[in-house]
Amino acid sequence: MGKKLYKVIIPLCISVFCTTAISKECYSQCITTRNNTISIVDNEDNENPKKEINKVPKIDYSKTCWKLQSLYSSDKEWKDELKQFTKDTKELENYIGKVTKSKTHLSFALNIKEKLDRKINKLYAYSKLNQDINKNSYKYLDMNESINKANMDYMDICSHLELEILKLSDKKYEEIISNKKISKKYGMYLAEIRRSKKHYLDEKSEDLIARTSTIASLPGQTYELFRNMDKKTNLNPSQYATILEYGDRNERKSAYQNEFIAYNDNINTLSGLLVGQVKKNIFYSTERGYKSSLDMNLQSDDIDVKVYDELIETVTKNTSSLHKYVSLRKKILGLDKVYYYDMFVPIVKPVDDDITYDKGQGIIYSALGPLGKEYGDILYKAFNEKWIDVYSNDNKVSGAYCLSVYDDHPYILTNYNNTLSSVSTLAHELGHAAYEYLSAKNQNYFNSNPSIFTHEVASTTNEALLYEVLIKNASNDKEKAYYITQYLDLIKDTLYVQTMYAEFEKTIHEMVESDKSVNALVLDDIWGGLLKKYYGGNYEVDQLSKVGWSRIPHFYNSFYVYKYATGCSAGVSFAQDILKNGPDNYIDFLKRGSSDYPANLLKDAGVNLTTTKPIENTIKKFDSLVKELENIVVK
């Protein structure tokens, strides 16, 4: 049924990027959406690996890990709370058939729902956070199964209530929403339900669709089990990422082949899973009367398909900028051709490849200083109140993300490795955390959970600020050149690469929607063609690189990745405005949470993503950085 009343997703944490669609069958991952209470953003483990481990000193993990006891003191307390939650849902169930009887009935029902949402938020967070630092534990998998079942029953109750709200006549709805108390607290929430009214089905159909939600999540769940438990390679993710960055070329090639062969050996299974995900999206979008799967997934943020299409069109018109970068990489590294495994080794020697966690905190405090004292106080809390699980270990998942708990605080997972890129990753996740924290402090519960669309703006703004400040304060050309390369990689990975992902995703959905056959060979060919288009003639597309699509967990959070690209363009714009005019405008944007639709919030803050100007300005920034780097290195 509808996504707004049940407001909680079942966390599978597939690289943790989420689809946003109007019905719960479309919620297959665990990320912040406008009205789901568990918010996990960014598990950054994709075709562009964040370098996750290098030279980590002896670690006192007790000082660098989460303190989950603030959620529940023990697994037993968690289980008791889950039992109580199941009992408490009966109180909300009593409002079925009565929720729209009066303004009082509606207010009471939504107050009960808020309490239940906040409870299940904590329940999900505890099991998920524990699972991700005990990735081979079946205990936490079982706990997730238990909560998934309780949540499905809860969503069923919410679905019935939402349908009653949808059935209201416009006149009756206007009478209810005219109440200032209801409008202030629930206005956006109720508007979202009504906005998608035409896409809801009859009660019997909605009930049937609601009960398929666990089946619908199977492609993503299965992919995640393969990636984290069944994929066999000689290197763990941290070792693999380290070799790609620091190994000699033969070592890099060997690591690359080892990693990609593990996917290639299972390529037909993986293609079946991805096509299953696509067909699931098409089924729901068709049944609900959307123009396409893309249209359905963009509706939750009130984003026009034109924004998605113009992003791809604008970036692909300007791939020459990325071609120049690849050509410069080839020239500096002295390569005949640039292969996948040549894209992560620094083209300028790092000025400091042993940035301890303490030193990394200092860099972040300094770089984000322009955001002001209020923001700095949040950073202090994050660093000193155990918001962050810092280092990699064998029992911990790879990547990085932020999970926010409304009644507690955000939790950040990283795999810090003493490199500048890990500092950048940390700054990125702190952007998500601060956004959630400020939203929760300044908005009521229903308006406190920002959309992923704007979340990626908050995270990328921090990274852009980091590099803007480092470049500005560089003491010599060597330092400046290195920081420029890092800024270039940020824009490359976030604007160009994610747009390539977005084009791939759109292409395969359109093919299946047109009844064209899509299998592993077709997916390989599409991916290979996109690599050539985006990276240019100096980039060698070998056969193994064509299976790169199978390594992107984002695709199980359908039509999510474009938000990275739009977020990057907005983040670069905000960073430059903050340095020029101060942080007040930006901080106000963060505090507004989800009190309006994403495009409106950004437009009010001076960044209009319904035009291509922010994207074009980011491409110009990329161009200028390439030229500046070339001028330095050819001296």
Fill in: Pairs with Cβ under 7 Å, 6+ apart, first in region 460-483 and of a type outside the set (S, T, N, Q) and surrounded by fewer than 19 Cβ atoms within 10 Å (Cβ to Cβ), second in a helix (DSSP H, G or I) and modelled with pLDDT of 95 or more
ILE471/LYS480; ILE471/TYR483; ILE471/ILE484; ILE471/TYR487; ALA474/LYS480; ALA474/TYR483
Item to complete: Check whether at least one residue in region 512-527 is outside any helix (DSSP H, G or I), open to solvent by 10 Å² or more (accessible area, probe 1.4 Å), charged (D, E, K, R) and without any contact (Cβ under 8 Å) to a residue 60 or more places away in the chain, and report yes or no.
Response: yes
Discussion item. Taking the condition of being of a type in the set (A, V, I, L, M) and open to solvent by 10 Å² or more (accessible area, probe 1.4 Å), how many residues in region 537-590 meet it?
Written reply: 4
Item to complete: Using the structure shown, decide if LEU235 is of a type outside the set (Lys, Arg), open to solvent by less than 50 Å² (accessible area, probe 1.4 Å), more than 24 Å from the chain's Cα centre (by Cα) and under 30 Å from PRO346 (Cα atoms).
Response: yes
Worksheet item: Just wondering, is there one or more residues in region 114-121 that are free of Cβ contacts under 8 Å to residues at least 40 places away in the same chain, over 22 Å from GLU145 (Cα atoms) and in contact with a Phe, Trp or Tyr (Cβ under 8 Å, 6 or more places away or on another chain)?
Response: no
Discussion item. Yes or no: region 575-593 includes at least one residue that is farther than 28 Å from THR507 by Cβ, assigned to a helix (DSSP H, G or I), of a type in the set (Asp, Glu) and touching an Asp or Glu at 6+ places or on another chain (Cβ under 8 Å).
Written reply: no
Worksheet item: Quick one: is LYS113 open to solvent by less than 10 Å² (accessible area, probe 1.4 Å), in a helix (DSSP H, G or I), under 21 Å from ASN447 (Cα atoms) and basic (Lys, Arg)?
Response: yes
Worksheet item: Quick check: is even one residue across region 256-271 touching a Pro at 6+ places or on another chain (Cβ under 7 Å) and closer than 30 Å to HIS199 by Cβ?
Response: no
Worksheet entry | Residues of region 578-591 satisfying the condition of being within 16 Å of GLY369 (Cβ to Cβ) and acidic (Asp, Glu) | ASP584
Worksheet item: Do we find that THR314 is more than 30 Å from TYR189 (Cβ to Cβ), open to solvent by less than 70 Å² (accessible area, probe 1.4 Å) and in a helix (DSSP H, G or I) in this structure?
Response: yes
Worksheet item: Which one is surrounded by the most Cβ atoms within 10 Å (Cβ to Cβ) among residues in region 349-388 that are of a type in the set (D, E, K, R) and within 26 Å of the chain's Cα centre (by Cα)?
Response: LYS386
Item to complete: Could you tell me whether any residue of region 163-177 is within 30 Å of VAL390 (Cβ to Cβ), surrounded by fewer than 20 Cβ atoms within 10 Å (Cβ to Cβ) and not aliphatic (A, V, I, L, M)?
Response: no
Fill in: Top-ranked residue in region 43-69 [being modelled with pLDDT of 90 or more and assigned to a helix (DSSP H, G or I); ranked as nearest to ILE243 (Cα to Cα)]
LEU68
Item to complete: Search region 412-443 for residues being closer than 23 Å to TYR126 by Cα and either of a type in the set (Lys, Arg) or over 18 Å from the mean Cα position of the chain (by Cα) (or both), and hand back the single one that is surrounded by the most Cβ atoms within 10 Å (Cβ to Cβ).
Response: TYR416
Worksheet item: Just a yes or no: is a residue in region 601-611 touching a residue at least 40 places away in the same chain (Cβ under 8 Å), in a helix (DSSP H, G or I) and farther than 28 Å from ALA262 by Cβ?
Response: yes
Discussion item. If I ask for residues that are without any contact (Cβ under 8 Å) to a residue 24 or more places away in the chain, on the phi < 0 side of the Ramachandran plot and not hydrophobic (A, V, I, L, M, F, W, C), which ones from region 330-357 would you list?
Written reply: LYS331, ASP336
Practice prompt. Quickly run through region 70-105 and pick out the residues that are in a loop (DSSP other than H, G, I, E, B) and either open to solvent by 80 Å² or more (accessible area, probe 1.4 Å) or not aromatic (Phe, Trp, Tyr) (or both).
Written response: LEU71, SER73, SER74, ASN94, ILE96, GLY97, LYS98, VAL99, THR100, LYS101, SER102
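The values are calculated or read from the model by the stated rules, or taken from the named source; none is laboratory data. Everything numeric in this text was worked out from a predicted model, so none of it was measured. Ideal geometry is used to build each Cβ from the backbone, glycine not excepted, and the neighbour counts take in all protein chains shown. Surface areas here come from the heavy atoms of the whole protein model, side chains and all, with no ligands, DNA or RNA. Shrake-Rupley method; radii C 1.70, N 1.55, O 1.52, S 1.80 Å.
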